[in-house]
1. Checking the conditions here, which among Glu16, Glu68, Glu77, Glu53 is of a type in the set (Asp, Glu), within 20 Å of the chain's Cα centre (by Cα) and surrounded by fewer than 21 Cβ atoms within 10 Å (Cβ to Cβ)?
2. Mind listing whichever residues of the stretch 136-166 are away from the ligand (no atom under 16 Å from the Cβ), assigned to a loop (DSSP other than H, G, I, E, B) and either of a type in the set (Val, Ile, Thr) or free of Cβ contacts under 8 Å to residues at least 60 places away in the same chain (or both)?
3. Kindly evaluate Ala21 against the criterion of being among the small types (Gly, Ala, Ser) and in contact with a strand residue (DSSP E or B) (Cβ under 9 Å, 6 or more places away or on another chain).
4. What number of residues within the stretch 253-298 are near the ligand (Cβ under 10 Å from one of its atoms) and at positive phi?
5. Could you count how many residues in the stretch 302-326 are in a loop (DSSP other than H, G, I, E, B) and closer than 13 Å to Leu338 by Cβ?
6. Collect the residues in the stretch 175-231 that are under 21 Å from Ile118 (Cα atoms) and in contact with a His (Cβ under 8 Å, 6 or more places away or on another chain), keeping them in residue-number order.
7. Here is a list of conditions, (1) farther than 19 Å from Ala84 by Cβ; (2) within 16 Å of the ligand (Cβ to nearest atom), and Ala427 meets all of them except one; can you say which number that is?
8. Name, by its number, the condition in (1) away from the ligand (no atom under 16 Å from the Cβ); (2) in contact with a helix residue (DSSP H, G or I) (Cβ under 7 Å, 6 or more places away or on another chain); (3) farther than 30 Å from Gly192 by Cβ that does not hold for Asp96.
Amino acid sequence: MKYVSTRGQAPVLEFEDVMLAGLARDGGLYVPESWPTFSAEQISALRGCSYQEIAFQVMFPFVSSSIEEGEFKELIEQAYSSFAHRAVAPLVQMDDNLWLLELFHGPTLAFKDFAMQILGLLMDRALIKRGERATILGATSGDTGGAAIEAFRGREQIDIFILHPHGRVSDVQRRQMTTAQEENVFNIALEGTFDDCQAMVKGLFNDHEFRDGMKVTGVNSINWARIMAQIVYYFTAAVALGSPNRPLSFAVPTGNFGDVFAGFVAHKMGLPIKTLAVATNVNDILVRTLETGTYKPDGVTATYSPSMDIQVSSNFERLMFEMAGRDANRIASLMNDLSEKGEFQLSENELAPMRDLFVGLRINEDETVSRIKAEYEDNHYIIDPHSAIALEAGVRCLKGNEDTPMIALATAHPAKFPDVVTKATGADVLQPARLVAQLKSEERVTRLPNDLAEVSQFIGDKTRAGKVA
Ligand SMILES: *Cc1c(COP(=O)(O)O)cnc(C)c1O
C-alpha cells in the first residue's frame, strides 16, 4: 500500500515512512492510495473472533509492504495486553437498540491508548531496523500527552518531549504524564496557554534545521497510523451486533475528526454504516460546516469535555479530499483560502455525499450534565462528559430510526473527570487501581518560559537523536 498527500505535492511513501513523517512535507495529510475492501463473506467471517484477530485482519492491508505477518501479529498481542478488559473494547447495552462501546480500558483510561499503544511499538521497531533514533515532540491539553508518554516510555530509540500549559491541565491528566520515571520522558510545563504550546511545537517543526537535526517527529492525530488503529473497533462492534446483515450507526464525540474519520474508513472498507453522528460540544465548527458548507474557525470555549475543545479540526481535510473526488489541487486551494481569508466554502457536490453519511449534533453543557445524571439514575451507570455527548447525540439520532442499532463511543473513563461527574450524579467516582498507583508516584517536570530559543535549547541538550553515539 502506498500513501499520497491530500495536497498532492509531497512524495508518495510506504506505510513506515508515512508513520515516521507524521505530517506530509507539503502541509497535507497522508491517505492510502486506495481503500482495501471486505466482502460481506469476509465481514461475516470476523464474527466470534478476538479483538486481536480482527485488528490483524483490518490493519494488515495498510501495513503489509512494511511488516511481515507474524511480526505484526506479535505487536498487536503486545499492544492490547496492557488493556484491563479481556474484550479490549466491550459493548454495553444502554437501551433498546442503544449501545455504548467502552474504549477506556487502556493504560491511560481514554480511547487514545488504542492507537498510541500500537504506534509506540511500530515506531520503535522501524527505528531499530534502521539503526536510527527519533525525538517525539507534541503539545497536549490533556489526554494525548498521557497516552503518548505511556506508549513511548522506556523505548530504546525514542526520546519524547510533551508540552502542557503550566497550571492549566487537570490534576489527573498532569500526573498521568509527569509520574513516568523513565529517562527518555521529558515533561515541559510551558508558561502559557495550550495555544502557546501548539504554536511552540509548530515553530519548532518549522525550524527545518532543528527538525532534521534532532530527527523530530509527531504523534498527534494526523499521523495515519493512529487513524488506522481506530478503524478496528468499528468492525468489532459492528460484527458483534450482526453486521454485515444489519446496518448500524455510530455516535462519535469529536474534536480533531480522527476517530470519526476512522469510522468513515470502516464504511469505505465495506461495513454497512448508515449514519455517523459527529457529536460536538459548544465548540461546533464541524456541525456548522455540515449545516452551511462554510468552514470557519471561531474562538475556543472551555467545557466539561476538554478533549473536544478545538478551534480547527485537522483530520477533516482527509474527508474533504474524498468528497472532492481526491482532487489535491482543490484541497490545496481550500486550505489556502483558510490561511488567507480565515475560512473556506465547500461546494454542493462536496457537501451532498457528506450529508448522506454524516450528521452533526451540538450538545451544550447542561445537556451533557443531564445525560450523565439520567444514565446514573435510570441505568446505574456512570459516564464521563465526552461519552455523555456521544450518548446524547445517539439518543437523538435514534428518534425516527428505531430499527437501526446505534453505538455511542465512550472515549474516557469517568475517573478522569471526577468533578463534573460528581456534580451531575452526587456520587463519588471509583478510581481504577492503576490510576490510584499512578497518582501517588513522584512527578518529573521542567517548567520553561514561553520562549522558542529556550525550549529548543532544552530539547537539543536532552535528546539522544541526531547525535554521534
Ligand atoms: C481526543 C478525544 C476525543 C476527540 O477525538 P478526535 O479524534 O480528536 O475527534 C474525544 N474524547 C476523548 C476522551 C478524547 O481524548
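1. Numbers: Glu68 fails: within 20 Å of the chain's Cα centre (by Cα); Glu77 fails: within 20 Å of the chain's Cα centre (by Cα); Glu53 fails: within 20 Å of the chain's Cα centre (by Cα).
Among Glu16, Glu68, Glu77, Glu53, only Glu16 is of a type in the set (Asp, Glu), within 20 Å of the chain's Cα centre (by Cα) and surrounded by fewer than 21 Cβ atoms within 10 Å (Cβ to Cβ).
2. Listed by number, the residues that qualify are Arg153, Gly154, Arg155, Glu156, Gln157.
3. Numbers: among the small types (Gly, Ala, Ser): yes; in contact with a strand residue (DSSP E or B) (Cβ under 9 Å, 6 or more places away or on another chain): yes.
Considered against the rule, which asks whether it is among the small types (Gly, Ala, Ser) and in contact with a strand residue (DSSP E or B) (Cβ under 9 Å, 6 or more places away or on another chain), Ala21 comes out as yes.
4. Of the residues in the stretch 253-298, 1 are near the ligand (Cβ under 10 Å from one of its atoms) and at positive phi.
5. Pass one, the stretch 302-326, residues in a loop (DSSP other than H, G, I, E, B): 302-305, 309-315, 324-326.
Okay, now just the ones that are also closer than 13 Å to Leu338 by Cβ, so 311-314.
Here the count works out to 4.
6. Met177, the sole residue that qualifies.
7. (2)
8. Asp96 satisfies all of (1) away from the ligand (no atom under 16 Å from the Cβ); (2) in contact with a helix residue (DSSP H, G or I) (Cβ under 7 Å, 6 or more places away or on another chain); (3) farther than 30 Å from Gly192 by Cβ except (2).
The values are calculated or read from the model by the stated rules, or taken from the named source; none is laboratory data. Because the structure is a prediction, the values reported are computed rather than measured. Using ideal geometry, Cβ is built from the backbone for each residue, glycine included, and neighbour counts are taken over all protein chains shown.
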